[in-house]
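A quick write-up on the structure given underneath.
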Amino acid sequence: VQLQASGGGLVQAGGSLRLSCAASGRPFSGYVMGWFRQAPGKDREFVGVISESGRGTYYGDSVKDRFTISRDVAKNTMYLQMNSLKPDDTAIYYCVARQSSRPSIRWEEYTHWGQGTQVTVSS
């Protein structure tokens, strides 16, 4: 599976962005997918994960109730809807995947990574 993230950009605090992650190379099913982010000088941070079926999601505390992950199996695409953005959300966002039915919040357990897309939130 190859992953291609897109949709990043510059937005004012309180605004919204939607990131996309297009998967190619093999069937999309059977993969747990998620998002991580990394800000300059900070550790990689778990954002959220979605089950292979798309029916289950789990989010990091810092984005809970503001971000929503979804996936369109027919389009082989995962989305991250980000609302009420804050300057602290500024980071490079990476989409990830692992061939498993078990979601994980550990970045080490994901074998496939997209190239990252920059999100910058101005105050």
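The values are calculated or read from the model by the stated rules, or taken from the named source; none is laboratory data. Because the structure is predicted, anything quoted here is derived from the model rather than measured. Heads up, the Cβs are rebuilt from the backbone with ideal geometry, glycines too, and the neighbour counts pull from every protein chain shown. For the accessible areas, the whole protein counts, side chains as well, though only heavy atoms, and no ligand, DNA or RNA atoms are used. Shrake-Rupley method; radii C 1.70, N 1.55, O 1.52, S 1.80 Å.
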Can you send over the carbon and sulfur percentage of the accessible area for the chain, probe radius 1.4 Å, protein chains only? 46 percent
Determine the per residue accessible area of the chain with all protein chains present and a 1.4 angstrom probe, expressed in square angstrom. 51 Å²
For 87-100, 13-26, ranked highest to lowest by mean beta-carbon neighbours within 10 Å, the order is 87-100, 13-26
Cα pair distances of the chain binned at 5 Å [whole percent]: 2, 13, 24, 27, 19, 10, 4, 1, 0
